[in-house]
1. Which one of these does GLY319 not meet: (1) exposed (fewer than 15 other Cβ atoms within 10 Å of the Cβ); (2) in contact (Cβ under 8 Å) with a residue 24 or more places away in the chain; (3) under 20 Å from LEU288 (Cα atoms)?
2. Mind listing whichever residues of the stretch 338-368 are among the β-branched types (Val, Ile, Thr) and crowded, with 16+ Cβ neighbours inside 10 Å?
3. Applying the selection to the stretch 379-395, what residues are outside any loop (DSSP other than H, G, I, E, B) and over 24 Å from the mean Cα position of the chain (by Cα)?
4. Can you tell me which of ALA500, ALA479 is small (Gly, Ala, Ser), within 29 Å of the chain's Cα centre (by Cα) and within 25 Å of GLU377 (Cα to Cα)?
5. Would you check if GLY26 is out of contact with any strand residue (DSSP E or B) (no Cβ under 8 Å at 6 or more places or on another chain) and closer than 20 Å to THR283 by Cβ?
6. With PRO122, PRO129 as the choices, which residue is under 20 Å from ASP180 (Cα atoms) and loosely packed, with under 15 Cβ neighbours inside 10 Å?
7. Out of everything in the stretch 406-461 that is buried (at least 21 other Cβ atoms within 10 Å of the Cβ) and of a type in the set (Ser, Thr, Tyr), what residue ends up being modelled with the highest pLDDT?
8. Name the residue that is surrounded by the most Cβ atoms within 10 Å (Cβ to Cβ), counting only residues in the stretch 263-295 that are small (Gly, Ala, Ser) and in contact with a Pro (Cβ under 7 Å, 6 or more places away or on another chain).
Amino acid sequence: MERYDLVIIGAGPAGLSAAIEAARCGMNIAVYDENKRPGGQLFKQIHKFFGSKEHHAKERGFHIGEELLAEADRLGVDVSLDTVVTGLYPGNEVMIKKGGQVSHVRGDTVLLAAGASENMAPFDGWTLPGVIGAGAAQTMMNLHGIRPGSRVLMLGSGNVGLVVSYQLLQAGCEVAAVVDAAPKIGGYGVHAAKLARCGVPFQLSSTIVRAKGGDHVEGAVIGRMDEHGKIIPGSETEIDCDTICIAVGLSPMNQLARMSGCRMEQNPKKGGCVPVCNEYGETSVRGLFAAGDAEGIEEASSAMIEGRIAGIACANRLGFLEDGKAKEAVESNEQALDTLRQGMFAPKNRGKQIEKTDEGFPVSQHLLVTGFLGDDEVEVYPGVTHPKGLHPVIECTQNIPCNPCQDACPHGCIHIGSFITALPAVEASAECIGCGRCVASCSGQAIFLVNEDIGGGYASVTMPYEFMPLPEKGDIGLACSRDGQAIGEAEVLDVKSVKAFDHTNLLTIRVPAELSGKARFYKAAQQ
């Protein structure tokens, strides 16, 4: 039986991060993953991450995956793919199956980083071809270049449902609606706003009653729900669609943890049944650690930090890293992890009704119900000002852990401060040079450059644009408001595509001056 200093189960963001830290300390490591390529969910994630520079903010998920794989390869980490871990036994003995052959290995330490599985929502017709999970849709689009369908209905308004809905639009699909049983949108408001200005409607306090179709999905029946979760009689409506995408949460992959005999707990704030871990990610079984979604459902940024902590702890446990250096490294990572766990969407705030931001501004209820800010609400927030000339307008209204816009501006036009979840504010005394770095850096696509008077009764609005084909200078199209409705004619003044912007193009349109505070999206005239 082969023996390793550390056996890692799962080569996703948590597993790879742990392997890198352990390899830096000289540990002998085995990494096993059942997939055909390492990286876990990262290579499906074409959107830009939130956080700070230290958390890979404004980097796209697949780029982060490439960085982790390159670093692991440089350190000599060998990942065994197409390898299924089928058992975890006393003494940290691991049973693996590859190519029909079963073998056993032993780890002086073992890390469970197997991730999570998608939850499903059974309804009449849910087994029809055309009903798929959001993760499956991402795999089809972002790994294989296949559109899941032409007209898609999304069930679930958490971040996964919102992000995948936007990626469906980018892939050329039409999103018929986002439906959720909850009375309010569950994910970040900036993600919802991206969909709303593309014209995607939200149907909350609603659910799918049944899927229509014989041998495939041909539509769905949606019913409104009362406060007890019951379908209101007579409220059913039909939506035409050929695909139903399910994004109703994730459940930690806990089978191996339960098999190990470690202490488990049912923790709704972590997504279900998870192993009980200490601050280093160690379970009640000595030498057995857990990190990432296997320990509790969070964002990939948190999973990477948890993986680093576990890798450091394993190295320290076996004497590869002295106590002082280990303590310092763990404390630094714990501080970073704590930073990501602040704000309105922190695990501790799940299920709570947040009425005001940390700064005391009212939380937009209109945004939570419709997906977009009301025109009368926008002016309240510190990112919205009206100086003469070109200036940034920041429609980021929730305390989420993200601050790359502050670092992006070379002239200090944007201020967040040292607390990463603070609302961004525009510095009135700073001069905007129109470089657009802030617009491209915003992971939520919530920053616009506005000049309210360019002469002749017109204004200019520069917005992030991530659709193909790109408009061309001189094109005449439609300016759309935050709810996706056409509000006037728009002329394309400029399209800027710079390598440093990482595929976030800057589209500048000319609109009547009175629309400068409302025009937030552009559609070609034929659309």
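1. Unmet for GLY319, out of (1) exposed (fewer than 15 other Cβ atoms within 10 Å of the Cβ); (2) in contact (Cβ under 8 Å) with a residue 24 or more places away in the chain; (3) under 20 Å from LEU288 (Cα atoms): (2).
2. Hits for the stretch 338-368 are THR339, THR357, VAL363.
3. GLU379, VAL380, LEU390, HIS391, PRO392
4. ALA479
5. No, not satisfied.
6. PRO122
7. So, considering only residues that are buried (at least 21 other Cβ atoms within 10 Å of the Cβ) and of a type in the set (Ser, Thr, Tyr), the one modelled with the highest pLDDT is SER460.
8. Step by step, filter the stretch 263-295, then rank; the result is GLY292.
The values are calculated or read from the model by the stated rules, or taken from the named source; none is laboratory data. Given the structure is predicted, the values throughout are model-derived calculations rather than measurements. Cβ: placed from backbone, ideal geometry, glycine included. Neighbour counts: every protein chain shown.
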